[in-house]
Structures are given as C-alpha cells and as structure tokens.
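Where a number appears in this text, it was derived from the coordinates with a stated rule and is not lab data. Predicted, not measured: the structure shown is a model, and the values here were computed from it. Backbone-built Cβ (ideal geometry, glycine too); neighbour counts: all protein chains shown.
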Amino acid sequence: MKDQLHISEQVCFPVYVFAKEIINHYRPLLEAVHLTYPQYLVMMVLWEQDEQAVNQIGDKLQLDSGTLTPLLKRMEQKNFVARIRSKIDERSVNIILTEEGKALKEQAASIPGQLMESMHLSLEDLLVLKNIILKITQK
C-alpha cells in the first residue's frame, strides 16, 4: 500500500508548484507594464467593466478589503486607477480607470499569448487545465 502522506502522492503539491511557476512566468511580462500579478487581476476586472465598487472587485477576485485596499492605493499612486465616492452611497468607494489605466490594456493585450509561449503550452492544454480547475473550485 502506498504511503498517502508521501509528497509524490499529493494532488495539492503539484498544484502549489504550478501556481508558483505560473506567477514566475507572469512576473517579467507584468514588470514590463509596471504591474504585479494581483494588480493585473484588478486591471482585467476593470477593463471588463470600468467603475466598480471595491467590494465588487473583491468579490470577483476573492480578495478581502484588507488585501485589496493597499493594492488599490499602490495602483492609484501609479495613476492606473482613481478612487471616487459613489454617487448613490457616499460610504461606498468606487474604482475607475484613469486614461493611463485604459491605455495599459493595449500594452497588456499580448501577455496571455506570451505566457503560453513562455510555458510551452497550447491553448488546448490551458483550456483543459482551466476547465478542471473550474470544476473543482465552483462546487
């Protein structure tokens, strides 16, 4: 019988290693556009729909406000986003893209393709992987 506590028997370990590996492949691509990986995720959410409440962004990215707030402040210092009070609820803060943030989308457009190339993966491989991950995480 195999030792279930042997690291080679664990599913979580290669997933952990892969997560670190993918972030490492993103790093130089994102440095070129002056973003960290979490900042890139925020930008993608805002490129899909500009002006969102902080809690909306947090929900989409599964980040709490304690993580998201300092991240957004750093992005505001880089002039990629601006924080504005909601017109509907003064207690709520909305995040909007600045002109620089909007322009960054063009620069970042090549990142997904560059990532696939640097990891030597096909689009089909990535889609299979994504579908398996979604199957697990959406339960």
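Okay, here's what the table says:
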{"item": "Long-range lysine pairs (8 or more apart or interchain), the chain, Cα under 20 Å", "result": "12"}
{"item": "Whole-number percent relative contact order across segment 36-101, with pairs defined as alpha carbons under 8 Å at least 6 apart", "result": "35"}
{"item": "Two-site label geometry, L129 and S92: point separation in nm, points 7 Å out along Cα→Cβ", "result": "3.6"}
{"item": "Full-stretch length increase - E106, Q49 - with 0.36 nm per residue and alpha-carbon distance subtracted", "result": "19.0 nm"}
{"item": "Structure-based [θ]222 nm, the chain - -39500 (n - 2.57) summed over DSSP H runs of at least 4, per residue, nearest 500", "result": "-19500 deg cm²/dmol"}
{"item": "Percent of Cα pairs exceeding the 25 Å cut-off, where the set is the chain", "result": "39"}
{"item": "Helix axis angle, 37-48 relative to the chain longest principal axis, alpha carbon, degrees", "result": "60"}
{"item": "Local electrostatic count at A53 - Lys and Arg +1, Asp and Glu -1, tallied over other residues with Cβ under 10 Å", "result": "-3"}
{"item": "Compactness of segment 36-101, expressed as Rg and Dmax over alpha-carbon positions, Å", "result": "10.7, 31"}
{"item": "Helix axis angle, 12-31 relative to the chain longest principal axis, alpha carbon, degrees", "result": "40"}
{"item": "Where labels lie 7 Å past Cα in the beta-carbon direction, separation of Q4 and R83 in nm", "result": "4.7"}
{"item": "E117/A19 FRET efficiency (R0 25 Å; Cβ-Cβ; nearest 0.05)", "result": "0.80"}
{"item": "Contour minus Cα-Cα distance for K73 and D59 (0.36 nm per residue)", "result": "3.2 nm"}
{"item": "In degrees, nearest ten, helix 99-108 long axis to first principal axis of the chain (Cα)", "result": "20"}
